[in-house]
Every structure is written in structure tokens, then in C-alpha cells.
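Working notes, beginning with the structure itself.
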Amino acid sequence: METILIVEDNRDINLMLAETLIDAGYEVKSIYTGTEGLSEIQNHTYDLILLDIMLPYKSGDEILKEVRSFSDVPVIIISAKDMVGTKIDLLKIGADDYITKPFDLGEVVARIESNLRRAHKQIHINKLFQYKDLSLDDNAKRVTVDDNEMELTAKEYMILELLIKHRGKVFTKANLYESLWQAEYLGDDNAIKTHISNLRTKLKKANPNEEYIETVWGLGYRLCHE
């Protein structure tokens, strides 16, 4: 089931959108402030985001700029601002679509479906991911460093896949645990630590002169900046 995050401070509009999207077969999470919205995006993965512009504490355009620094998740702006200049500016900084309030719910669902189809098509095309001298072929489930194939366990591959597909994003231990085991994280981080340590050891052996994964103290893990 595809997941959609709604960041909209008007509770009536948020609820209306959520009910419509749930009826359309999506899994939905509703957020009502800008700061909570950005935190949610940083700590969880969604297939698409519906984002209002006028939000408490942090505006939608600020959120969009930050999100585009680490993710290419489709973002549809929903705003009462109907000025052409505003739309152009938001599209330039990374919005995928723009819907003006008041809107037709059928149009919103259609726009979501269109953007998800486009994103899925792009993901299907971009199955080869490059980072430094590391290559991850998601079709063959094959990882090479400087053209030398690495032998990774399934969990090690999944960790590296998450990090390279969401370059720049910090993954908490809870994020990684829930993604790898599809279960609630209860605070036992030994498994994650072990897999990260083993993955780092194999990467270091493949290229002793390069660093690939960094620890963001107090937060989690991400790829090192190139």
C-alpha cells in the first residue's frame, strides 16, 4: 500500500483529504505544523507528500528546500496562493505539482495517481545507483566497489540500499530496524550496530582509502558527504 503524508494545518481540510485518500486505497499520515512535518519526512519514508505553504513554525517552501537536499519524493503543493510567480518559484525549488485551494477532491486523487506513476517509472529506469566508486545494481542485487563485486548479506544490502537511495538522509536505528524487519523497534540496537559494523568492515576492505557511512551522533547513520 502506498503511503502519503499530508502536511496541512487546517484540520477540516486535512481530515477531508485523509478520508478521501484512505477511501482511494492509500495509507495516510496527517501532520499539522511545519516543524512536525519536516521531522516526519526526515525520519520516515513516504511515497508522496501533500504540502501546504502557510504552516505554523516552518513554512512549506522552507520544508521543500530542506527535503530536496536529501530526497526526491514527489511533493504536491496545496495552497490558497494562486499567483503565477509563487507557483513558478515552488516548481523551481523542487515541487512536482501545484493545486490551488479550493480544490476538487477528484482532481487531487488524479494528480496523486499521475505523480506516483511518474515516480514509479523513474525508479524503474534508475535501477543503477552510483556513489563515489561504489555501484549498486538494484536489478541484479549486486554491489561493486571499483568494479570488484562485494559479498553482502541480505540485511547489509538492504541497509546500503536505503542509504544510497536516500542520499543525505539520516536514518535512525528505529528507521533501519523497522525497514529491515518490518516490525516495531523496541530499543534493542545490537542487531543494527552489528550489521552496520560488518558492512563498514567489508567496505573498508574493498577500499581502505575511502569512507562510505558516517555516524551522526545522537541521530543515526547516513552516507558520507562526497
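Points worth noting:
- Among the residues making up region 27-38, those that are surrounded by fewer than 20 Cβ atoms within 10 Å (Cβ to Cβ) and not in a strand (DSSP E or B) are TYR32, THR33, THR35, GLU36.
- Pairs with Cβ under 8 Å, 6+ apart, first in region 142-168 and over 15 Å from ARG222 (Cβ atoms), second of a type in the set (Lys, Arg) and assigned to a loop (DSSP other than H, G, I, E, B): TYR157/LYS141
- Among (1) touching a strand residue (DSSP E or B) at 6+ places or on another chain (Cβ under 6 Å); (2) loosely packed, with under 15 Cβ neighbours inside 10 Å, the one test that LYS65 misses: (1)
- For region 2-16, the count of residues that are touching a Phe, Trp or Tyr at 6+ places or on another chain (Cβ under 8 Å), surrounded by fewer than 16 Cβ atoms within 10 Å (Cβ to Cβ) and part of a helix (DSSP H, G or I) is at least one.
- Qualifying residues in region 49-62 (those that are at pLDDT below 95 and farther than 18 Å from PRO102 by Cα) - the one surrounded by the most Cβ atoms within 10 Å (Cβ to Cβ): ASP61
- Condition met for VAL145 (within 28 Å of ASP96 (Cβ to Cβ) and β-branched (Val, Ile, Thr)): no
- If the condition is being closer than 27 Å to ASN43 by Cα, surrounded by 16 or more Cβ atoms within 10 Å (Cβ to Cβ) and out of contact with any His (no Cβ under 8 Å at 6 or more places or on another chain), then region 68-93 contributes ASP72, VAL73, PRO74, VAL75, ILE76, ILE77, ILE78, SER79, LEU90.
- ASN207, sole failed condition from (1) surrounded by fewer than 16 Cβ atoms within 10 Å (Cβ to Cβ); (2) in contact (Cβ under 8 Å) with a residue 24 or more places away in the chain; (3) assigned by TED's automatic domain parsing to the domain that holds THR45: (3)
- Residue selection: GLN182 satisfies the criterion of being surrounded by fewer than 18 Cβ atoms within 10 Å (Cβ to Cβ), closer than 30 Å to TYR26 by Cβ and without any contact (Cβ under 8 Å) to a residue 40 or more places away in the chain.
- Search result, residues across region 2-44 that are within 15 Å of GLU66 (Cα to Cα) and touching a residue at least 60 places away in the same chain (Cβ under 8 Å): GLN42, ASN43, HIS44
The values are calculated or read from the model by the stated rules, or taken from the named source; none is laboratory data. Owing to the predicted nature of the structure, the values given are computational and were not obtained by experimental measurement. Counting neighbours? That spans all protein chains shown, and the Cβs are built from the backbone with ideal geometry, glycine included.
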